[in-house]
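J.: Mind having a look at this structure? Questions to follow.
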Amino acid sequence: MRILIALAFCLTMQLVVAQEYKVVSNNSKVSVTGTSSLHDWECVVNTFEGNMSATVENNEIKQIENFNFQFKVKSLDSGKSSMNKNTYEALKEDKYPTITYKGSSVVINGGTATFTGTMTIAGTAKKFTSKAKINYSNGKITLSGSEEFKLTDFNIEPPTAVFGTIKTGDVVAIHYNIQLNK
């Protein structure tokens, strides 16, 4: 009888242990939007990677212990080769080919979570906080939200084109709808 109780206890404990979840790229979308003196623009991130450890109990996310998301600068695509080139130059892709977001804390409040971590863009690391809708269903975690920030906060000069007559706005927003599976 003691063995059955011990076995039942161990099985119950396994249900509440943090498990690793990885980004499912083909079911996720990440993009960056902004303005310019000519028109609004969007760059879609074609390849996005990441993972996080989450504790799920009774089909509810109880805790997220860490997270790490990243993408290559060259995976940003505006659909216009000249804009892509200016974007890669502004983000110093030749020296800093990856944009990363590494977590330090997550506060979960019902269907939302506030992620705080360090975003590193073009070699500059800054504290970055983003509030996301968070959902757990059928063994999958979905995070969705958006957050604005200034390029100059990351020591990035907003790109220009046509001899400076077209100027990109300093404020951009990152939008995400990320699915993670075990």
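The values are calculated or read from the model by the stated rules, or taken from the named source; none is laboratory data. What you see is a predicted model, and the numbers here were worked out from it, not measured in a lab. Counting neighbours? That spans all protein chains shown, and the Cβs are built from the backbone with ideal geometry, glycine included.
J.: Which of the residues spanning the stretch 71-97 are part of a helix (DSSP H, G or I) and not aromatic (Phe, Trp, Tyr)? Don't jump to the end; show me each part of the working.
T.: Residues of the stretch 71-97 that are part of a helix (DSSP H, G or I), as a first pass: 73-75, 81-90.
Within the stretch 71-97, VAL73, LYS74, SER75, SER81, SER82, MET83, ASN84, LYS85, ASN86, THR87, GLU89, ALA90 qualify.
J.: Next question. Suppose the filter is small (Gly, Ala, Ser), without any contact (Cβ under 8 Å) to a residue 12 or more places away in the chain and surrounded by fewer than 16 Cβ atoms within 10 Å (Cβ to Cβ); does SER81 pass it? Walk me through how you get there before you give the answer.
T.: Working: small (Gly, Ala, Ser): yes; without any contact (Cβ under 8 Å) to a residue 12 or more places away in the chain: yes; surrounded by fewer than 16 Cβ atoms within 10 Å (Cβ to Cβ): yes.
Answer is yes for this residue.
J.: Just name the residue that is surrounded by the most Cβ atoms within 10 Å (Cβ to Cβ) out of those in the stretch 86-142 that are of a type in the set (Lys, Arg) and more than 15 Å from ILE156 (Cα to Cα).
T.: The initial filter retains those residues of the stretch 86-142 that are of a type in the set (Lys, Arg), namely 92, 95, 102, 126-127, 131, 133, 140.
From what's left, more than 15 Å from ILE156 (Cα to Cα): 102, 127, 131, 133, 140.
Values: LYS102: 16, LYS127: 9, LYS131: 14, LYS133: 13, LYS140: 14.
Selected residue: LYS102.
J.: Look through GLU89, GLU65 and report the one residue that is in contact with a strand residue (DSSP E or B) (Cβ under 9 Å, 6 or more places away or on another chain) and of a type in the set (Asp, Glu). Before the answer, list the steps.
T.: On the way: GLU89 fails: in contact with a strand residue (DSSP E or B) (Cβ under 9 Å, 6 or more places away or on another chain).
Unique residue meeting the criteria: GLU65.
J.: Which condition from (1) modelled with pLDDT under 95; (2) out of contact with any Ser or Thr (no Cβ under 7 Å at 6 or more places or on another chain); (3) part of a strand (DSSP E or B); (4) not hydroxyl-bearing (Ser, Thr, Tyr) is the one that ASN68 breaks?
T.: Condition (1) is where ASN68 drops out.
J.: How many residues are outside any strand (DSSP E or B) and at pLDDT 95 or above if we restrict to the stretch 7-26? Give the derivation first.
T.: Initial filter on the stretch 7-26 (outside any strand (DSSP E or B)): 7-18, 24-26.
Within this subset, residues satisfying the condition of being at pLDDT 95 or above are 24.
Number of matching residues: 1.
J.: Is it true that some residue in the stretch 101-117 is out of contact with any Ser or Thr (no Cβ under 7 Å at 6 or more places or on another chain), assigned to a helix (DSSP H, G or I) and at negative phi?
T.: no
J.: Within 22 Å of LYS140 (Cβ to Cβ), in contact with a Phe, Trp or Tyr (Cβ under 8 Å, 6 or more places away or on another chain), surrounded by fewer than 14 Cβ atoms within 10 Å (Cβ to Cβ) and not aliphatic (A, V, I, L, M): which single residue out of ASN59, ASN68 fits that description?
T.: Values: ASN68 fails: surrounded by fewer than 14 Cβ atoms within 10 Å (Cβ to Cβ).
Of ASN59, ASN68, the one residue that is within 22 Å of LYS140 (Cβ to Cβ), in contact with a Phe, Trp or Tyr (Cβ under 8 Å, 6 or more places away or on another chain), surrounded by fewer than 14 Cβ atoms within 10 Å (Cβ to Cβ) and not aliphatic (A, V, I, L, M) is ASN59.
J.: I'm checking my understanding of the structure. Among residues of the stretch 35-54 that are part of a strand (DSSP E or B) and at pLDDT below 95, which one is surrounded by the most Cβ atoms within 10 Å (Cβ to Cβ)?
T.: Within the stretch 35-54, the subset part of a strand (DSSP E or B) is 35-36, 41-45, 49-54.
From what's left, at pLDDT below 95: 35-36, 41.
Numbers: THR35: 15, SER36: 16, TRP41: 18.
Checked the stretch 35-54; the qualifying residue surrounded by the most Cβ atoms within 10 Å (Cβ to Cβ) is TRP41.
J.: With respect to LEU76, is the statement that it is of a type in the set (A, V, I, L, M, F, W, C), over 16 Å from VAL23 (Cβ atoms) and in contact with a Cys (Cβ under 7 Å, 6 or more places away or on another chain) true?
T.: Numbers: of a type in the set (A, V, I, L, M, F, W, C): yes; over 16 Å from VAL23 (Cβ atoms): yes; in contact with a Cys (Cβ under 7 Å, 6 or more places away or on another chain): yes.
Yes.
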